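Q: Attaching a single structure in C-alpha cells format; questions to follow.
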2 protein chains.
Amino acid sequence: MEQKVTPKILQGFIELLPADQIAFEEIKGKIEKTYRRFGFVPLDTPTLEYSEVLLAKAGGETEKQIYRFQHHDSDVALRFDLTVPLSRYVAQHYPDLSFPFKRYQISKSFRGERPQKGRYREFYQCDIDVIGAEELDLSYDAEVTAAISAVFCELDIGEFVIRINNRKILSGFFSELGLGDLTADVMRTIDKLPKIGLEKTHEELIKLGVNEAQLEKIDAFVKISGSNKEKIAALRALCSNEKFTFGVDELEKVVNLAHGLGVKEKNMEIDLSIVRGLDYYTGTVYETFIVGHENFGSVCSGGRYDDLAGFYTDKKLPGVGASIGLSRLFAQLKDNGMINTETKTVSKALLLPMGEEQFPAAAKTAEALRSAGVETDVYWSAKSLKAKFKYADRCGVKFVAVIGESEAAEGKVSLRNMTTGEQTSVSAEQASQIIKKD
Amino acid sequence: MEQKVTPKILQGFIELLPADQIAFEEIKGKIEKTYRRFGFVPLDTPTLEYSEVLLAKAGGETEKQIYRFQHHDSDVALRFDLTVPLSRYVAQHYPDLSFPFKRYQISKSFRGERPQKGRYREFYQCDIDVIGAEELDLSYDAEVTAAISAVFCELDIGEFVIRINNRKILSGFFSELGLGDLTADVMRTIDKLPKIGLEKTHEELIKLGVNEAQLEKIDAFVKISGSNKEKIAALRALCSNEKFTFGVDELEKVVNLAHGLGVKEKNMEIDLSIVRGLDYYTGTVYETFIVGHENFGSVCSGGRYDDLAGFYTDKKLPGVGASIGLSRLFAQLKDNGMINTETKTVSKALLLPMGEEQFPAAAKTAEALRSAGVETDVYWSAKSLKAKFKYADRCGVKFVAVIGESEAAEGKVSLRNMTTGEQTSVSAEQASQIIKKD
C-alpha cells in the first residue's frame, strides 16, 4: 500500500463542518441581502495583487503579517483587507464608475498573525463603503449607520448598540484645551478608557503632561451622559471651539438622519469615548457591540475618511464605510451558543424510497417538490429502514417523506413532520404546500 | 506631491465593473440556489493549503502551474481546483460527516497558466459532488445530471445538451475487440473525434495498430444514433461483453432516472464519444454544451469516480460530481451578448430628494421601501436636478422617486417608471407595491 499523505490544513486556517457551514452561510446571506437592500453593489477583487500596490500605504505590523511571495517575475501578496483593494479599484476604474460609488464586498483576507482563539489567518470581512468624487454628503454617514443597524436586526443575535462619535469633536475639544500637540497621544489614551478604567486613564494623561484644569475638562467631557439629544446639548454647553461645534453639528445631523432611516434609539448611542484608528478617520466613527457580550469587542466598526486612494491617485475620494469581521463574529456566536448549528442539511424535505422499485416514484416526487422551490434531498442508497431514518435523524431535516409500495401505487407520500411527529398521507403537491407553509 | 503607485492588477487576473459584477453575482446566485434545491450543502475550504497535501496526486502541468511558496516553515500553495480540497476534507473529517455526503462549493481556484482569452489565473468553479462511504448508489449519477439540467434551465442562456456516456461501455467494447492494451490510447483518440473529424481519427487509430475489422466495429460504435432509447438498443445489439453490458445497464438506468427527475429528452443525449480524463472517471461521464455555441467547449463536466481520496485514506470513497467553470462561462456569455450587463445597480428604486429640506422625507420613504424588502438607493448629494437624473440614467434603475417640497408636504413621492416613462404621485406604501409587482 502506498504511503498516505496526512489530510490536514494550515495552522490558523479554518474550515467548518456542514452544520456550522450552513449557519455561517445563513449569516453571510443575511448580511449580503441587507447590504443590497441599502443599494450597495457587489465587488469582487483579486485575492492576489502586486505587493507594491497592496503595501503602498501599509507598514509595520501589516507588512510583517502579509503573505507575500515571488511568482515568476512578480512580487505578489494575498490581500490583507478589503479597503486597500477598494482604493486601488476606485483609482484604477475612476472614469467607469458612477459616484457616489456604493459597494459591498464579502471576501476572505489573509494575515499571517499568531493564531489565537477567534483570530484566523484567513478570515471573512463584510465591508460596505460609499465613495464620493471630490465630495460626499454627510447623509451617507447615516446611510451606513442605518445599514449596520439593519444587518444586526436581521441577524437577530440579541440587542446591539452602535456607538457613534465624530472625531472633529475630539480634536476641536483638545485644541480648545490647549492640548493640540498632544491630541494624538491623549486620544489614544482616552480610547483605552473602557478597558483600563478612569483612574488608570488619569494617571496616563498626567504622565502625558495634562494639567489639573485640563483633566477636569476632560472628565466633564468623558462623563457626558443621557439620551443622544441630551449629549448633544451638553456638548454645545461645554465648548464653543469652531471645529468642535462643526463636529457636534455633523454628529447631530448623522444621528437624526439615521433615526429617520429607521435606526431605533436603543440601537444607536453617542459615545464620546469612541476614537478608532487615528490617521485614517476624520469625522464620524462607529463601533458596534452586542449587549451583554461587550467582551466580543466591536463586531462592526467604521467611519468617515477624507481620502481613500491618495497613494494611487490625485483625485480626492472621501468616503464612509463599515466592516464586519465575520469569521471572528461567527466563532464568538458559536462559542456562546447564540446560533443554531444543529441542522446539517439545507433541505426542507428528505425522501426515503423504501426500495429500488420506488425510485421512479421518488424521482417524480423530488421533481415536483424542487419545481415548487422546496429544497429536497433523496436517500437513494439501498440500506435498511433503520439506516435510512438514522440518516434523516443525523441531518436534522424537518420533513421526511416515506415512499413505500402502497404510497407509490397511490401517487402519495407518507409525510412526517420530524418536530411534531405528525404524519399524513399526501400527494407531492400537498406535501410541497405543507412544507412551504411551515 | 508624493510618488503615486500605479493602480493595476496582475496579468491573467480579473475584476469586473459593477454592471458585469451584478450580472455575474446573479448567475452565481442561481447556480447556488439550484444546488441547494437538490440538497447539496455548502462547503468552504481554505484558499491556502500545504503543498504536500494539494500535490499528493497532482503532477505534470498542475505542478508547474500552481502558486506555491514558503511561508515561515511551511511549504504552501493556493488551491488549483476544488476536488483535491474536497478529497482532503472528506478524508480528514470522515467520522463527522454523514454519507452520502452531498456538497457544493463555489470558490476561486488559482493556476499560473499562460493568460489567454477566457482563461484566468484566478477563476470561479461551481462544483457539486456526492461522496459515498464504501459504496454509492448509481441513482446519484442521475441526481447530478438532473441538478446540472436544472442549473442551465434556471440560467436561461439558451438550449443546452448534457452529453452523457459510461466509460465501462468503452472499456468493455475495446477489450471485446481485443484492443485491451490499447484502450487508453484508442479512447484518447476517440475523445478527439469531435475536434479532428472522422478521417483524422481513423488515421490516428491505424497508427496505433488498430486493424480494418476493428476499425469497422469502432465506426459502427461511434455512428450509433437516434433517440436515447434507440442508442441503448443499438448498443445491446453491438456487443455482449460483460463489462460493456454492465455499462449499458448503468447508462440506461441513469438516463431513465434523470428523465424521472425532470431532465427533458432534448437536454440529455447519450453520446458515445464523450470520454473525459482517463485515469479518474470510472463510469458515468458527462459534458454540457450550449446549442449553437459548441465552440464554448463543455460548460459543465463531470462523472463518476471509484476512489476520491486514496492519497489520504484507506477508506473507499466513491463519488459522482460535476463542475461549472464560471469565470470562463461568464466571459463567453458576455462576449456573445448573451447576458444583460446594462444595469449598474441592484436597487429597484432610487429616491431623489430635491433639496436638503427633503432629506427627512427621503429617509422615511427609504425606510418604508427597504422594510418592504425593496432594494432602495438614495441620492443624497446636493447636486442639480440634471446631475441627479444623470445618476439615475447611468445606473439604469427601474424606478425613480422624486421628493420635492409638495411631495414631502403630502407624504408622497413622484414615482417614475424609467422604462415606460409613466409617472404617478403615490405614498411610500403604494410605491413599494407598484415596484414589487413589476
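Rule-based calculations on the coordinates, nothing more; no lab input. Here the structure is a predicted model, which means the values were calculated and not measured. FYI the Cβ positions are ideal-geometry reconstructions off the backbone, even for glycines, and counts take in every protein chain you see.
Q: How far is B:Gly292 from itself in the other copies, in nm, if each label sits 7 Å out from Cα along the Cα-Cβ line, shortest first?
A: Here B:Gly292 shows inter-copy label distances of 5.9 nm.
Q: Would you tell me which residue of chain A has the beta carbon closest to the rotation axis bringing chain A onto chain B, and how many whole Å away it is?
A: A:Phe69, 2
Q: Continuing with this model, one more query. Along its principal axes, what span do the Cα atoms of the stretch A:349-437 show, with the longest given first and each in whole Å?
A: Principal-axis extents of the Cα atoms in the stretch A:349-437, largest first: 31, 27, 20 Å.
Q: Loop-only trypsin sites (Lys or Arg not before Pro) in the stretch B:248-336, please: DSSP not H, G, I, E or B, and at most 12 other Cβ atoms within 10 Å.
A: Answer in residue order: B:Lys264.
Q: With +1 on the Cβ of every Lys and Arg and -1 on the Cβ of every Asp and Glu, and nothing else charged, how large is the dipole of the stretch A:78-118 about its Cα centre, in debye rounded to the nearest 20?
A: My answer is approximately 220 debye.
Q: Right, here's the next one. Helix-only estimate, please: 222 nm mean residue ellipticity of the protein assembly as shown, summing -39500 (n - 2.57) across DSSP H runs of length 4 or more and dividing by its residues, to the nearest 500.
A: Estimated from H runs of four or more residues: -13000 deg cm²/dmol.
Q: Quick one: what are the phi-derived ³J(HN,Hα) couplings along the stretch A:316-329, Karplus 6.51/-1.76/1.60 with θ = phi - 60°, whole Hz, x for glycine and proline?
A: Result, rounded to whole Hz: 7, 10, x, x, 9, x, 7, 9, 10, x, 5, 4, 5, 4.
Q: Can I ask one more? Measure nothing fancy, just the Cα-based angle from helix A:83-92's long axis to the longest principal axis of chain A, in degrees from 0 to 90, nearest 10.
A: Helix A:83-92 and the main axis of chain A meet at about 80 degrees.
Q: Counting only residues 5 or more places away or on other chains, whose amide H sits under 5 Å from the amide H of A:Arg103 once H atoms are built in the peptide plane?
A: For A:Arg103, whose amide H was placed from the backbone, the distant partners under 5 Å are A:Val41, A:Asp129, A:Ile131.
Q: Next up: For the Cα atoms of chain A, what angle does the longest principal axis make with the long axis of helix A:193-208, in degrees from 0 to 90, nearest 10?
A: So the helix axis and the longest Cα principal axis differ by about 20 degrees.
Q: Moving on to the next point. Tell me which GluC sites (Glu not before Pro) from the stretch A:403-438 have a DSSP coil assignment and no more than 14 other beta carbons within 10 Å of their own.
A: When the GluC sites (Glu not before Pro) of the stretch A:403-438 are filtered for loop state and at most 14 Cβ neighbours within 10 Å, A:Glu422 remain.
Q: What nm distance separates the two modelled labels at B:Cys153 and A:Glu52, each placed 7 Å from Cα along Cα→Cβ?
A: 5.3
Q: Treating only the Cβ of Lys, Arg, Asp and Glu as charged (+1, +1, -1, -1), what charge dipole size does chain A show about its Cα centre? Round to the nearest 20 debye.
A: 1040
Q: I want to verify the translational diffusion coefficient of chain B in µm²/s; compute it with Stokes-Einstein, Rh as the Kirkwood radius over Cα pairs, at 25 °C and 0.890 mPa s.
A: The calculation lands on 97 µm²/s.
Q: If one takes the longest principal axis of the Cα atoms in chain A, at what angle in degrees, from 0 to 90 and to the nearest 10, does the Cα axis of helix A:18-37 lie?
A: Approximately 60 degrees, to the nearest ten.
Q: Placing a label point 7 Å from Cα toward Cβ, how far apart in nm is B:Pro194 from its equivalents in the other copies, listed shortest first to one decimal?
A: 5.9
Q: Oh, and also: Could you work out how far apart the two model spin labels at A:Ser384 and B:Glu410 are, taking each label as a point 7 Å from the Cα in the direction of the beta carbon, and quote it in nm?
A: The two pseudo-label positions are separated by 7.4 nm.
Q: May I pose another question? Which one, B:Ala213, B:Gly302, B:Val291, is farthest towards the positive end of the dipole of chain B when Lys and Arg carry +1 and Asp and Glu -1 on their Cβ?
A: Value: B:Val291.
Q: Where the centre of each part is set by its Cα atoms, how far does the stretch A:361-438 sit from the stretch B:96-113, in angstrom?
A: Each part reduced to its Cα centre gives a spacing of 27 Å.
Q: Same structure again: Tell me the distances, shortest first, between B:Glu410 and the same position across the other copies, using label points 7 Å along Cα→Cβ, in nm to one decimal.
A: Sorted ascending, the copy-to-copy spacings read 6.0 nm.
Q: Greater than 27 Å separation of Cα atoms is the criterion. Which listed pairs, A:Lys4/A:Lys108; A:Lys266/A:Lys398; A:Lys200/A:Lys243; A:Lys117/A:Lys388; B:Lys102/B:Lys253; A:Lys28/A:Lys437, meet it?
A: A:Lys4/A:Lys108; A:Lys266/A:Lys398; A:Lys200/A:Lys243; A:Lys117/A:Lys388
Q: Out of B:Ala368, B:Val254, B:Tyr89, whose Cα points farthest toward the positive end of the dipole of the protein assembly as shown (charges: +1 Lys, Arg; -1 Asp, Glu; placed on Cβ)?
A: The residue sitting most towards the positive pole is B:Ala368.
Q: Under a point-charge model restricted to the Cβ atoms of Lys and Arg (+1) and Asp and Glu (-1), what is the dipole moment magnitude of the protein assembly as shown relative to its Cα centre, in debye to the nearest 20?
A: Dipole magnitude for the protein assembly as shown comes out near 400 debye.
Q: Please name which of B:Ser414, B:Gln332, B:Thr345 has its Cα lying farthest along the dipole of the stretch B:329-414 towards the positive end, using unit charges on Cβ (Lys, Arg +1; Asp, Glu -1) and the Cα centre as origin.
A: B:Gln332
Q: Just to be sure I understand: with springs between alpha-carbon atoms less than 10 Å apart, which residue in A:Gly60, A:Gly396, A:Gly12 has the highest mean-square fluctuation in the Gaussian network model of chain A?
A: In the Gaussian network model the winner is A:Gly60.
Q: Exposure proxy check: B:Phe359, B:Phe246 ranked by fewest other beta carbons within 10 Å?
A: The most exposed by this proxy come first: B:Phe246, B:Phe359.
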